[in-house]
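Take a look at the structure set out below.
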Amino acid sequence: MFLAIEPPLITTHPWAPSGTSDIKSDILWQYHNAASPSDPFNGEAAIWLMNGTAFTFQDTVGAPPASGHAKGTADLNGDGKSNILWQNDNGQAGAWFMNGTNPTQETIFASPPPPSWPLTVG
């Protein structure tokens, strides 16, 4: 159960479980319990597959490195699937390449920008 969350991100390239596909937007959540920094679930990410406003499926996809925050979703490798963009508090950015709700590859971008340069997807 997610007690507190970062603002959710709406995907532009929907996730699809087990090879099914739809063109509906889904929601990426990230758990954050500011009252308890030692909470072992802090940072966990989850995806809700949606049918309009109806929740149809949930999957926890894992946690980024410490101080990592989900910043957006985009199809970074042209396969038609959403990938998750992350940025750490120190500015370091990276991505999880996804197959449905499963990360298949994690990458860190070469040089972090200064922390005052937040990652923006658009």
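Just so you know, all these numbers are worked out from the coordinates, no wet-lab data involved. Values in this document were obtained by computation on a predicted structure and should not be read as measured data. Heads up, the Cβs are rebuilt from the backbone with ideal geometry, glycines too, and the neighbour counts pull from every protein chain shown.
Note down the nm distance, to one decimal, between modelled labels 7 Å out along Cα→Cβ at Thr120 and at Asn77.
With each label point 7 Å from Cα toward Cβ, the separation is 2.8 nm.
Which order do peptides 94-103, 29-38, 55-64 fall in by mean Cβ count within 10 Å, highest first?
Packing proxy ranking, top to bottom: 94-103, 55-64, 29-38.
Given points 7 Å out from each Cα along the Cα-Cβ axis, report the Thr56 to Asn102 separation in nanometres with one decimal.
2.0
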